[in-house]
Amino acid sequence: MEKILNEDEKIRKAEEIYFRRNNQNISLTKKEKNKKGMIKNKILLQIIIMFDIAVIIFCIQNKNFIFKDEFLNKINEYNVNIGSSIVNFIGELVNSEETSENLQDEKEENLESNEEILESKEPVDENPSSSISEMDLDVANLKAIYNFINPIEGTVTSTFGSRESENKNVEGYHTGVDIATQEGTYIKSAFDGIVTLVSNEGDYGKHLKVRCNNVTMLYAHCSNILVDEGQIVGKGQIIATVGSTGNSTGPHLHFELRVDDRFVDPLKILEI
């Protein structure tokens with residue numbers, strides 16, 4: 001049998017029901033707002049990440065035309081170290097204590113097996129540079145990545161490296177190769193790249209540099225420069241004419257090849 005409530009009890013019970021329902025609605029509204037806010041934040045974060053990735057890809061694809069030589073050289077110096085640091089950092093996050101213990105056991109086993117292998121092997125040359133030089137490595141990389149053409153046809157009058165001459169204007173060490181031919185002969189770009197320098201100052205006389213990634217080619221003692229600084233040139237495009245400007249003993253092209261700041265003998269790449 002239900003209890004008969006008086007008027008005061010009915011009013012109090014009605015107020016309790018109203019209070020519970022009102023609080024429930026407020027709670028649901030807050031949850032919905034929080035959920036919507038989280039969704040918006042996730043969408044905004046994804047948009048920012050996609051934008052950053054697009055900017056990074058664009059910069060990588062067009063780095064030769066966006067950044068200066070000094071900035072790109074610094075990136076080339078540090079990119080290997082940065083990559084190694086990132087790999088090491090990720091490895092530390094992923095590895096658990098159990099994995100570390102397993103790796104330690106495997107290392108101990110590998111050390112034991114390596115010691116046995118080393119004892120059975122004959123001693124090897126501890127200085128690999130004695131058999132292959134840095135230039136040889138650069139030459140191998142250049143041949144694997146690029147396809148060069150001869151900038152001109154002519155006669156090689158001075159090769160790369162040390163040289164002796166009675167002419168006081170000729171230096172003892174030659175950083176390129178001299179190719180003699182008639183004055184006014186067209187000079188072609190040996191590979192695709194961007195013109196990073198056009199100048200008529202110094203011993204090089206009228207000269208220009210064409211760069212692609214960390215590889216630079218210099219064309220010196222020209223009579224005329226036919227391209228502008230910042231211009232993109234294609235392999236085989238005419239860029240200058242042979243002359244005898246600057247510290248020169250006659251009409252010829254002084255041609256240099258550099259990887260970063262290292263000189264490479266052009267005759268190891270070209271067939272002149």
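Over segment 150-268, how many percent of alpha carbon pairs lie in each 10 Å bin up to the one with the longest distance? Bins of 10 Å from zero give 15, 50, 31, 4, 0 percent of pairs.
How would 186, 219, 173 line up from fewest to most surrounding beta-carbon atoms within 10 angstrom?
Details: 186 14, 219 26, 173 9.
Fewest to most other Cβ atoms nearby, the residues stand as 173, 186, 219.
Other residues whose C-beta falls under 11 angstrom from the C-beta of residue 191 contribute a net charge of +2, scoring Lys and Arg +1 and Asp and Glu -1. Among the listed pairs 143/268; 209/235; 188/235; 206/235, a Cα-Cα separation exceeding 18 Å is found for 206/235.
Every read-out reported here was derived from the displayed coordinates using simple, explicitly stated rules and does not represent laboratory data. Since the model is a prediction, treat every value here as computed from it, not as a measurement. Note: ideal-geometry Cβ built from the backbone for every residue, glycine included; neighbour counts use all protein chains shown.
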